Structures are given as structure tokens and as C-alpha cells.
Amino acid sequence: MIKDGIFFDRRTLELRYQMPVKNIEPFFKGLEEGKIRATKCKTCGSIYFPPQIHCPRCNPGIMEWIDLDGDGKLETFSSIEIAPTSFQNEGKYIVAIGLLKEGVRALAWIDAKESDLRIGKRIRLVARKKDDAFTYVFNLVE
Amino acid sequence: MGNKVAIVGIGHSVFGKRNDVSINELAWESISVALNDSGLTQKDIDFYTVGNYGLWSEEILTAVTVGEYAGLKCGSLKTEAACASGSAALKIAMDSVASGNSRIALAMGVEKMYNSPNSTIIELIGRAGNYFWEFENFGLTFPAYYALHATRYLNDFNAREEDLCEASIKSHHYGAMNKYAQFHKEITLSDCMNSKYVAKPLKIFDSSPITDGSAAVILAGEEEARKITDTPIYIESQGSATGSAYLGKRDDFAGLEASRRAAEIAYKGAGINDPTSQFDLFEVHDCFSIAEVMAYEDLGIARRGEGIKLLKEHQTYHDGKFPSNPDGGLKAKGHPIGATGISQAVEITKQLRGEADPGRQVQVRKGRALQHNVGGTGHYAYVTVYSRRN
Ligand SMILES: [Zn+2]
């Protein structure tokens, strides 16, 4: 169809990726058990979040899974006012980055009132179930 | 590193919502002008590069479709470095000439974003970070990445949203004078402050628009360049760096670490020991108001936390101490992702030649200009030093 000088495409494409997570299954198992897991290199001690199964510093290094405590502090945040199309049904959400006790940072939604948020406040990263899938979220520690 | 390389021809399309042209026609608008500007023809070009992010437009092999339309048959490739794809195109073309593999090369960038609806663009550009760990669960958007930096910056340096708006007011002031710009209207502080939030604390008027556009430069080695033109603009050095995909791997949200590393390499390569006194012009990557402020600081023309001060004191206006983006920047000129890096190079060439419009031409005393082009949120960084002298 041509309208106002524009040809409207008759071909559509749905993109839905199939992403291998076999090697980081302990992370998702951990979420089901209420734990947030990271990987740690036994050789150099580096902690990786998001977890990865190779240590580029050591090449090779021997990796193990560790449970993160979850305790951390709020480094920055933003309330997303115009969300991507695929998040239109999620309601309002606030994205935050927190520095965790173990020295790694995580990015996740923070379940709190925007007016209560201050950089430096104590937060906790916890596992949660959402729409049949396990994910994780920050909570404010009062 | 091989021969010194110079820009010997430039072309720039009108930026904006260009539903009057196809992507290939849009690319030709700048390629044809660049060829005529240099007095060269397609036969002279030994290699060409096309900066293009695509996805929102239908063609995937844009280097090939553009080449076919423009009568180019030599070797080519498309470059992707997100919003720095243009600088990546410049790098490949420049290296091709510097190594002696090409006598003349063409670097261009083109983006046709309006071939998709806004909702598709927001979706696609929000994925340009770490898709699996950021987008999949948490729905980041392009403004959100910079908003995370803005929140931290405002907090650490006790700045206000009004201060960020100063960057946008300046951009629109110069956009109004640039006939190639997308926006030609000045804005006031209240226009900016009253605009809607996209990702707090950033508002519509803190953000660059969705843009169609193209830009092209033709490159030649030093000796060849002097035969082609009386006003070659030399690329003295280029520094590049890559930041982490996952923002949680960064330990500084009030600046972009990759920008600082790229600048350090570029300064070293061009013998710059004091960026505050050796440049006539800065073209900085202001996809958002906060990005312009962080750029001043990451490039070392303002101390940490003092970028805002440069804006308030009008020191980065065209007649100030550190003229920045007298073309309106990404904010008002527009930000056609893959074309932006080449557009900055075109503006620098115009300015150093003394050919910019009255009212926005900077005074050229030192003969040197700096380009800062960031892909994503400091995911890619390219900093390039240009000079009109040898
Ligand atoms: Zn290791």
C-alpha cells in the first residue's frame, strides 16, 4: 500500500531469541531457592555478576558458584516514564544500580516509592517470582 | 603510523524526518556533495565505509545498496559502533589511507530511523547495552541509561535539572542557525523544564531526537591532499576505547570512563598536553544534556563537577573560551545514529576552513579541533584530533 509517498511493508518479522543458559543454570536454580548467585574465580578471587563461567584474567581459572548476601547500597536510579513497547504492560518501574557487600554491582528494578529513594541508602537484592519466571529485585532496608 | 591523512571533501544532508527520500537517496545527498567538493569522482575512491546501525530501516547490506546507488564498486564495509558508527567508519577509511592500501577513501554514515514507528525505535535502541542482563528483565531505554548517570551527577555535584537544561538551550540556539539541522527554534528554560519526563531526571528537551540523515567525508594522504585542495583538514590522531556492556560493571556514574581513556590516547597521539588551551572547537557527543556536561569533564576542559559552570557562564558558546557544538549538536541538529560521527567531522572541517554560517563560525586561532563521539552510554568511545595545519 502506498500512502503519502510511503510504501507500507507487507512482510513482518517477529524476533524472539532462544538464548543458551545451560552453563549458568545454577544461577536460575538459586533464584528458585531464594538465593542470588555469582561466580568466583578460585585462582584470583574475582567475583562475577552477572555470573560468567570463565575468568578472563586467569585464562584458565577455576570457577565456583557463591551465594551473594544481597546487602548493598543504592548507587543510582531512574524512574522510566516512557517504557519500551514490550514493557507496556508492566506498569511504572524504577531501575536501580546497587553496590553489593561483595564488591560487585547489580542492576535491577527497585520496589520502593520514588520519593523514598536517596543515593547511599541501604538496599537488599532479593529473588522473586514474577509471571512464572524467577527474577530479582532491590528492596529498601528501612 | 604511516601517512598522515586529511579530509579533502565534505557533504551533509538536511537532517530531520526525511520521509521524502529512501535510505540510498539520502546517502547520495551527502556523497554527491562530498565528491563535488573534492573535485574527485567515484573512479578515484579505492575504499569506502558506511556507518549504519539499521534495524529500523529495511536494508541490511547498506554499504552495498548505497554503493550501488552511488556508483561505487571498490571494496567496502558497514561499521557498527552504535552512535559512534560514524567514527568507526572514519577510522577504517583513515587506516586504509594511512597504511597505503588506498590512495583515496570515502567514509560516510547514513541512518533512516523514520522507516519504523517510534515504538519500534524505542524498543530497538533500548536493547543497545547488555540485552540479557539489562533489557530482558528490566526494560531499559536509551534515555534511562543516561538518566542513571544524570541522577548520580546531580547528586554528587549538587546540581539541578535546570542546570542540565542550559545545554539544551545552547543546542537549540545554534540549531536555529544551521540550515542542515532538524530543529530551528530557540527554547527557553521553562520550555525545557516543562517538557515531559522520559526517564527521570531527563525530559524530552534533555534528549536528542529521532533523525534521518547522512554525512560523508573524502580522505587522502598528506601529499595527495595538497594536490586536491588548498584547505586540507588533517586528522592528527584518534583514540578509541570500549566500556563495559553491563552498567553494573562501572564504578563511576558521573562520567564515562571510556571517553576519558579514548581522550588520553588521542591527546598523546597529537601531542596535546593542555586540552583547555590547544583547541578552537569541540564537537562533543550530546545525545542528552547530561552527556554534554560529562563530555566537558571527561575531555578535561572542565574539572569534575564543573561542566555545568561552563554552560552557565556561556564559555562553550561559539564566542566563549571552549566553543562546543556550534552546529546545534546531536540535540538540535539531530542524531541519525550511524551518521553522527561523520556529521561532526564535516562540521569541524567547515569550521576550520572558516566556512560555517555567520553567527556560529568560531574564531580559528590555534587551527585545532576535537571530536568526541560516544556509542551507547560510553560503550564505545572515539576521540579524534583535527588540525588545518600540517
Ligand atoms: Zn581468575
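The values are calculated or read from the model by the stated rules, or taken from the named source; none is laboratory data. The structure presented is a predicted model; accordingly, all values stated were derived computationally and were not measured. Here the Cβ positions follow ideal geometry from the backbone for every residue, glycine too, while neighbour counts run over all protein chains shown. Areas reflect the complete protein model, heavy atoms only, side chains present, ligands, DNA and RNA absent. Shrake-Rupley method; radii C 1.70, N 1.55, O 1.52, S 1.80 Å.
Entry remark, region B:7-28: residues being open to solvent by 50 Å² or more (accessible area, probe 1.4 Å) and closer than 20 Å to B:SER87 by Cα number 2 in total. Of everything in region B:125-154, what is touching a Lys or Arg at 6+ places or on another chain (Cβ under 8 Å) and at the interface with another protein chain (Cβ under 7 Å from one of its Cβ atoms)? Give them in sequence order. Scanning region B:125-154 gives B:ALA147, B:THR151.
Pull up region B:100-123, narrow it to residues that are part of a loop (DSSP other than H, G, I, E, B), surrounded by fewer than 19 Cβ atoms within 10 Å (Cβ to Cβ) and touching a Phe, Trp or Tyr at 6+ places or on another chain (Cβ under 8 Å), then point me to the one that is farthest from the other protein chains (Cβ to nearest Cβ).
Of the residues in region B:100-123, the ones part of a loop (DSSP other than H, G, I, E, B) are B:100-103, B:116-117.
Within this subset, residues satisfying the condition of being surrounded by fewer than 19 Cβ atoms within 10 Å (Cβ to Cβ) are B:100-101, B:103, B:116-117.
Subset that is touching a Phe, Trp or Tyr at 6+ places or on another chain (Cβ under 8 Å): B:101, B:116.
Numbers: B:ASN101: 32, B:SER116: 10 Å.
Out of the qualifying residues, it is B:ASN101.
For residues that are open to solvent by less than 20 Å² (accessible area, probe 1.4 Å) and either of a type in the set (Ser, Thr, Tyr) or in a helix (DSSP H, G or I) (or both), tally how many sit in region B:124-141.
Keep residues of region B:124-141 that are open to solvent by less than 20 Å² (accessible area, probe 1.4 Å), which gives B:126, B:134-135, B:138-141.
Subsequent filtering for residues that are either of a type in the set (Ser, Thr, Tyr) or in a helix (DSSP H, G or I) (or both) retains B:126, B:134-135, B:138, B:141.
Going through region B:124-141 one residue at a time, the tally reaches 5.
Scanning region B:1-50 for residues that are more than 17 Å from B:LEU90 (Cα to Cα) and β-branched (Val, Ile, Thr) gives B:VAL14, B:VAL21, B:ILE23, B:VAL33, B:THR41. Residues of region B:358-375 that are under 14 Å from B:GLY328 (Cα atoms) and of a type in the set (Lys, Arg): B:ARG360 alone.
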